1. Considering only C-alpha atoms, what is the centroid distance from segment 128-173 to segment 317-336, in Å?
2. To make sure I understand the rule: partners must be lysines, Cα under 26 Å from the Cα of residue 7, and not fewer than 8 residues away in the same chain. Which ones qualify?
3. Under a point spin-label approximation (7 Å from Cα along Cα-to-Cβ), what is the residue 8-residue 350 distance to one decimal in nm?
4. With charges only on Cβ, +1 for K and R and -1 for D and E, what is the dipole size of segment 150-225 about its Cα centre, in debye, rounded to 20?
5. Projecting each Cα onto the charge dipole of segment 155-215 (Lys/Arg +1, Asp/Glu -1 at the beta carbon, about the Cα centre), which of 190, 208, 165 comes out farthest on the positive side?
6. How do 257-270, 172-185, 317-330 rank on mean C-beta neighbours within 10 Å, highest first?
7. Counting only C-alpha contacts under 8 Å and six or more residues apart, can you give the relative contact order of the chain as a whole percent?
8. Mind checking which aspartates and glutamates have their Cα closer than 17 Å to the Cα of residue 448? Skip sequence neighbours fewer than 8 apart in that chain.
Amino acid sequence: MILNWFKSKPDYFLNVIPSFRYYLLYSVIDRANFIQKSARVAYRELITHLYERQTKEAKAAFSKSYPIYSRASLAIIEEDNWKNAKKLSRIFIWRTKLKTPRLVNGFARKILFKVASWLPKKDFLVLATERSTVLEGNLLSIYDYMFQHDREERIYVFLRKQRSWIEVLQLYYVLARAKTIVLDDYYNKIYGLKFSRRAHVIQSWHATGAFKKFGFSALESGDSNTEEFESRAHSPYSDVLVSSKAIIPQYAEAFAKTPEQIKPIGVPRTDKFFDQDYKNYIIEVYRKRYPVLRHKKAILYAPTFRGGPDERKNYSVVLDLKKMKQELGDEYVLILKFHPMIKNISMDIEEDDPFILRMGSGSDVNDLMFLSDILITDYSSVIFEYSIMNRPMFFFSYDVENYFDERGFYFNYEEMIPGLIYKTTDTLIDAIKAEQYDYEKLAQFREKFMDAIDGHSTERFIETYVDKGGRK
């Protein structure tokens, strides 16, 4: 097929594109041992045709750049001799196998980790994540606490990055020797590993409360992982941190753990909601960047994604932002903060409109809460953190019937949320203008889902796992 296509093209076309020579006379030679005997005649005919139509300059350029491969190709073309090509192919195959990360990872996981696990544990504290290239959330809160209190324990931080083979070996050696390992999400480096009972592998999770089902709880949903995958991912955990005693059953189900392994000691990253100095600092930073926040109140709009993995990056704002500006623009600005998975956004207002402040990936949604007077969301777990603020929440859940078909919830959505559902922009605007909100329902919501959140979660974590060792 390729030969017939070549025959339909002029010589100039075949000469001006060096990729033809590179792939057929170099890359394929590297894989010569995979070419079946029945296909060798066709391959020889193809490269012979290509070579004969090359100019002297093109042949010289290829020979100068790849002299060994040039000789191997000519041997096939002129003599049907595959000896040199097979030799190059064997070298390529072994070089690929020896350099592949899979080989290094296999040795690190199956041998180095296992042997190092037998050695005495070290007072290492490991903070590991694949969610980000910077330290943030629960892991940052723990790191800051250790730094501010001059702790002597050695801290290892493993962020998302491409690692050299030496770094891979170091990672698994440290994981095997550490007494305390803290994660904040799925962490593929530990999938299927069996840790010593002397180690504490703690899942701090990146969301508080219990809202949309995840882990083992979500096996029946359309975009769920397999049960085998969830088992490999979550089996290494010894403990899971949660924000309330009331949600122990939900997290035990999600991670396939016993209720005793679910620890309602709080979520470290929520401590900053009780740090007035930090909040004042963040508010001042944003006011300097956006002076409009000094004289107008702010509405934070933080919707979550829709659809399966291929649809989540696209989001069309259904909320009538022009109408919002018309009715509320004199008193409010609208802060837009979309879920990190959402990349492409369409809306009915220009991005540089003074009514809206669109925040990018570099902004923390928790920090934006300090600036806002009102939250508008739908099915996002930000409602748990926002409840700490004791400020109104409005739920623009225009597609609530369809959304329930996509994802399961641990609790009845309408009954659990600390606010009312709105399906049109007009009714939402009227509710905001009325300034009527059920703070008693908000207090009940906060008591149920956030009863361990009091500004001392990180301190309790340190006392439980670093000072006392985590096991009683």
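1. When both Cα centres are located, 41 Å separates them.
2. Within the straight-line cut-off, residue 7 pairs with 37, 56, 59.
3. Distance between label points: 4.9 nm.
4. Working: 13 positive and 8 negative charges, 60 e Å.
For segment 150-225, the charge dipole is close to 280 debye.
5. After comparing all options, I get 190.
6. 172-185, 257-270, 317-330
7. Values: 690 pairs, mean separation 63.1, N = 472.
Normalised by residue count, the contact order of the chain is 13 percent.
8. The qualifying aspartates and glutamates are 385, 414, 415, 438, 440.
Quick note: the coordinates plus some simple rules give every number you see, no bench work behind them. Because the structure is predicted, anything quoted here is derived from the model rather than measured. With ideal geometry, Cβ positions are generated from the backbone for all residues, glycine too; neighbour counts draw on all protein chains shown.
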